[in-house]
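The values are calculated or read from the model by the stated rules, or taken from the named source; none is laboratory data. Since we're looking at a predicted model, the values are computed, not measured. Don't worry about glycine lacking a Cβ; one is built from the backbone with ideal geometry, like all the others, and counts go over all protein chains shown.
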């Protein structure tokens, strides 16, 4: 599986570290709602299809990425910096990519 | 200037090796730059750090991921968003960059003693590197001057293309000897010269 890192270009999945479901919404830290925290920590939808997830390019530029991956085909549909402010001009890949 | 010690010294065997009967495919060398420095910009200060690098070194970094420039005495390239590796033959570059980059714009880390710089040059350089790294080393994907960060067996490496057939590799000093031996094995089939 290749993940097209926005900075480095397409790289083998072995360079990346999976960091979990990107669709979770953290409860208010002041909240004492145990059901909400339990759902945040443990509940996953485990979709058979498109899935938003965080990856880190740990074996490359070390950027944290938000990836949309199809869990059935492993096709990568979208990749972006997890923190959009990272996308300065010096971080955008220029020129032709094969 | 203190004499520089190489971690490759115990396995350093100058001369031609491997399958060189029909000529050597690559030349391997250790460049031993006096300064290897990392500059990291805070988000939003990338342009200021690029300008400071130009002021301190005269190297004008192009915009774009991995953009870089290399001369015979100095080189610089981006290896991650807002982070740059700057290399010079002369010592003391870290001090110069600390003066040029205020802490409000970014940080400077002197890696001169932490990295070993290995140069691989020759018509088979791309071929050999392709055996080690799952990265496209073709000229359109990695133009002269530009750099990348990648890894080999979980060991981090930064690579800059400093010529059409020439690459400079920066690897952890503590792993440099192991990497060098592996590189030599990888070069066996094309014939290599250590110079």
Seminar exercise, completed: Picked from the range A:23-50 (must be modelled with pLDDT of 95 or more and touching a strand residue (DSSP E or B) at 6+ places or on another chain (Cβ under 7 Å)), the residue farthest from the other protein chains (Cβ to nearest Cβ) is A:49
For this session: Name, by its number, the condition in (1) under 16 Å from the mean Cα position of the chain (by Cα); (2) crowded, with 23+ Cβ neighbours inside 10 Å that does not hold for residue B:81.
Result: (1)
For this session: Pull up the range A:64-94, narrow it to residues that are at the interface with chain B (Cβ under 7 Å from one of its Cβ atoms) and modelled with pLDDT under 70, then point me to the one that is farthest from residue B:84 (Cα to Cα).
Result: A:94
Exercise. Which one is farthest from residue B:82 (Cα to Cα) among residues in the range B:7-54 that are within 14 Å of chain A (Cβ to nearest Cβ) and surrounded by fewer than 18 Cβ atoms within 10 Å (Cβ to Cβ)?
Worked result: B:54
For this session: For the range B:126-139, state whether one or more residues are surrounded by fewer than 22 Cβ atoms within 10 Å (Cβ to Cβ) and more than 23 Å from residue B:192 (Cβ to Cβ).
Result: no
Seminar exercise, completed: Per the filter on the range A:3-24, residues touching a residue at least 60 places away in the same chain (Cβ under 8 Å), part of a strand (DSSP E or B) and over 16 Å from residue A:53 (Cα atoms) are A:9, A:10
Seminar exercise, completed: Of those in the range B:81-134 that are touching a strand residue (DSSP E or B) at 6+ places or on another chain (Cβ under 7 Å) and part of a helix (DSSP H, G or I), the residue farthest from residue B:170 (Cα to Cα) is B:98
Exercise. What residue, among those in the range B:60-78 that are in contact with a helix residue (DSSP H, G or I) (Cβ under 8 Å, 6 or more places away or on another chain), surrounded by fewer than 22 Cβ atoms within 10 Å (Cβ to Cβ) and outside any strand (DSSP E or B), is farthest from the other protein chains (Cβ to nearest Cβ)?
Worked result: B:60
Exercise. When only residues in the range B:30-43 that are within 16 Å of the chain's Cα centre (by Cα) and part of a strand (DSSP E or B) count, which is farthest from residue B:113 (Cα to Cα)?
Worked result: B:39
Exercise. Which residues, counting only those in the range B:1-29, are over 21 Å from the mean Cα position of the chain (by Cα) and assigned to a strand (DSSP E or B)?
Worked result: B:15, B:16, B:17
Exercise. What are the pairs, 6+ residues apart or on separate chains, where a residue within the range B:166-181 that is more than 13 Å from residue B:8 (Cβ to Cβ) has its Cβ under 6 Å from a residue that is surrounded by fewer than 17 Cβ atoms within 10 Å (Cβ to Cβ)?
Worked result: none
For this session: Hey, could you check the range B:183-195 for residues that are within 19 Å of residue B:134 (Cα to Cα) and surrounded by 16 or more Cβ atoms within 10 Å (Cβ to Cβ) and say which is nearest to the chain's Cα centre (by Cα)?
Result: B:183
